[in-house]
Amino acid sequence: MESVAANAADRPDKTLRLSAKMPEIFTTIAVKTYSMTKQFLQYDAIHDANILGEAETVDVLVHKWCRLLNVPMETLRDFGESKTGVVVFFSLMSAHTLVRKVLPRLFRMLDNLIRDALVRTRDTITERYYELASDLTRTYVEMKADPVMGVVEKQMNDYGVDWKHAPVPRGVNAYVTRIALDLNAVMEELCVFANEPAMNEEIMRGIIDKVCEEVNRLFFVASGFNANGVLQGQLDLAALQLVLGPYVSKASAVLLNEINQLLQDQKLPYKKDTLAKLIAEYTAGHRMLFLEK
């Protein structure tokens, strides 16, 4: 295990291939192990017991199976710590495959042989694999969200969106379109390589939650708003909601509503017909960037 972890960063090409093939490799090893142990656990009708019927012997076999089940878990966890984007991604896919397809199959096989002893460990092993998939998902979300958040901060803060001295809006600010482009790139990657709707949605919602947190923070650190700034903020907010579409979680919706309330609290008049016109123009030119399921 240490050698795998040590080489993960040095040989990302081999690590990538191994992480992508982990479910296949593990399934092959597990099935062969099952075939080898099956002959020693056949039911003996004469003695009304398994050939290896002693409880401690069965426990030893279950322990060995648990060690085997731990191997891909620890290996994929090591890969996740390599911080190499594509390796983390394929490790995440492998973890989900192991949880959804491989483990249920193996446990069904083992149930026929050592049901009573195995039931004590099945829930623990399954829970640990779910935790692994969750940890890898969180790592991947952070890796994809951080660059987007960095660009948003540059365009809204470092380069300066001056809400307090804003001119009459001519269109949506560039940071909204940049968010749309980056999120579409992530979605394309997920659809091409994973094509797992549940996993895709979990990842996209996780990234969007972080992006909404950053946009919310940057609105609230603004020094103030004039009437044009309020209009520009409402325009950007409306466009962002269109871009994010069905992937806005309850947490993100709260953050976006807080921005809207902040703008409303300025109690500055703005032309709603102008807002509607600019939103229509943005929609006509950027509809292809709006996220859809």
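The values are calculated or read from the model by the stated rules, or taken from the named source; none is laboratory data. In this text the structure is predicted, and so the values were computed from the model without any measurement. Ideal geometry is used to build each Cβ from the backbone, glycine not excepted, and the neighbour counts take in all protein chains shown. Areas reflect the complete protein model, heavy atoms only, side chains present, ligands, DNA and RNA absent. Shrake-Rupley method; radii C 1.70, N 1.55, O 1.52, S 1.80 Å.
State the number of residues belonging to segment 188-221 that are in contact with an Asp or Glu (Cβ under 9 Å, 6 or more places away or on another chain) and modelled with pLDDT under 90.
Adding up the residues that qualify gives 1.
Being in contact with a Phe, Trp or Tyr (Cβ under 8 Å, 6 or more places away or on another chain) and under 30 Å from SER94 (Cβ atoms), is that true of even one residue in segment 231-253?
Yes: one or more hits.
Just the residues that are outside any loop (DSSP other than H, G, I, E, B), open to solvent by less than 100 Å² (accessible area, probe 1.4 Å) and not small (Gly, Ala, Ser), please, taken from segment 262-293.
Filtering segment 262-293 for residues outside any loop (DSSP other than H, G, I, E, B) gives 262-264, 272-289.
Remaining after also requiring open to solvent by less than 100 Å² (accessible area, probe 1.4 Å): 262-264, 274-276, 278-286, 289.
If the condition is that a residue be outside any loop (DSSP other than H, G, I, E, B), open to solvent by less than 100 Å² (accessible area, probe 1.4 Å) and not small (Gly, Ala, Ser), then LEU262, LEU263, GLN264, THR274, LEU275, LEU278, ILE279, GLU281, TYR282, THR283, HIS286, LEU289 are the ones that fit.
Mind telling me which of the residues ALA238, ALA198, ALA222 ends up being loosely packed, with under 14 Cβ neighbours inside 10 Å and either in a helix (DSSP H, G or I) or touching a residue at least 24 places away in the same chain (Cβ under 8 Å) (or both)? Lay out the reasoning, then the answer.
Details: ALA238 fails: loosely packed, with under 14 Cβ neighbours inside 10 Å; ALA222 fails: loosely packed, with under 14 Cβ neighbours inside 10 Å.
One residue alone meets the criteria, ALA198.
Tell me yes or no: at least one residue of segment 130-148 is crowded, with 19+ Cβ neighbours inside 10 Å, within 30 Å of LEU231 (Cβ to Cβ) and either touching a Pro at 6+ places or on another chain (Cβ under 7 Å) or at pLDDT 85 or above (or both).
Scanning segment 130-148 turns up at least one residue that is crowded, with 19+ Cβ neighbours inside 10 Å, within 30 Å of LEU231 (Cβ to Cβ) and either touching a Pro at 6+ places or on another chain (Cβ under 7 Å) or at pLDDT 85 or above (or both).
Out of (1) in contact with a helix residue (DSSP H, G or I) (Cβ under 8 Å, 6 or more places away or on another chain); (2) surrounded by 16 or more Cβ atoms within 10 Å (Cβ to Cβ); (3) part of a helix (DSSP H, G or I), what's the single condition that is false for GLY229?
Status for GLY229: all satisfied but (1).
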